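The values are calculated or read from the model by the stated rules, or taken from the named source; none is laboratory data. Note that the structure is a prediction, hence the values are computed from the model and not measured. Note that each Cβ is placed from the backbone with ideal geometry, even for glycine, and that neighbours are counted across all protein chains shown.
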Amino acid sequence: MAKSLEVAPPRQGLDGFTHIVQEHQAMVFSLACHFLQNRAAAEDLTQEVFVGLFENLHTIQSPAHLKSWLRQVTSRRCIDIARKARLRRFLSLGDTPEPAQEIRLADPLISRRLQTLVATLPAKQRMAVVLRYQEDLDPSEIASALGIPLNSVKSILRRSIEFLRTKLTRQMSEVSQ
């Protein structure tokens, strides 16, 4: 049996776990918040992910494994929530929360429209877009987090970007007329 590596600093018990939470909670919350577009739901999901981590901490083998585990569990739980909530939304699109990481686009109208369009993507496509453009992961990291082949990630991203580009262009041309 392989011995688990020390993930936290050389502190014991809850202090070490507290350090892990402090170090990684922003990443987990940001990912959940950008996907769910609901601050309260993202907070709940973040708490669930760290409770799950606490229960499975003995299986974590390295700091890289920890980060990968957190992204994978967060991504999968976000997709599960989206599937369950397909008929109802957590909030109206006008109540979109502030992003955890500041995004600066030149035109706030385009930013709002783009955020609205991203929210209309199917769950797996939306998560891939959030992981790529919000979390700045490369396609191989996204494939690992979502548990799908690399070529599928590339295809999903390409189709999603084309969809967003077409819809945004169409909406902006309607506004200018």
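Picking from PHE35, PHE54, PHE50, which residue would you name as being of a type in the set (Phe, Trp, Tyr), in a helix (DSSP H, G or I), farther than 20 Å from SER144 by Cα and modelled with pLDDT of 90 or more?
PHE54
Looking at (1) in contact (Cβ under 8 Å) with a residue 40 or more places away in the chain; (2) outside any helix (DSSP H, G or I), find the lone condition where ALA145 falls short.
Going through the list (1) in contact (Cβ under 8 Å) with a residue 40 or more places away in the chain; (2) outside any helix (DSSP H, G or I), ALA145 breaks only (2).
Test PRO97 against the stated conditions and say whether it is in contact with a Lys or Arg (Cβ under 8 Å, 6 or more places away or on another chain), at pLDDT below 90 and of a type outside the set (Gly, Ala, Ser).
Spelling it out, PRO97 is indeed in contact with a Lys or Arg (Cβ under 8 Å, 6 or more places away or on another chain), at pLDDT below 90 and of a type outside the set (Gly, Ala, Ser).
Would you check which residues across the range 121-138 are touching a Ser or Thr at 6+ places or on another chain (Cβ under 8 Å) and at pLDDT below 90 and list them?
GLN134, GLU135
If the requirement is being closer than 22 Å to PHE29 by Cβ, hydrophobic (A, V, I, L, M, F, W, C), modelled with pLDDT under 90 and surrounded by fewer than 17 Cβ atoms within 10 Å (Cβ to Cβ), which of these qualifies: LEU91, LEU87?
Sole residue among the options that is closer than 22 Å to PHE29 by Cβ, hydrophobic (A, V, I, L, M, F, W, C), modelled with pLDDT under 90 and surrounded by fewer than 17 Cβ atoms within 10 Å (Cβ to Cβ): LEU91.
Any residue at all in the range 152-159 that's touching a residue at least 40 places away in the same chain (Cβ under 8 Å) and of a type outside the set (D, E, K, R)?
The answer is no; no qualifying residue exists.
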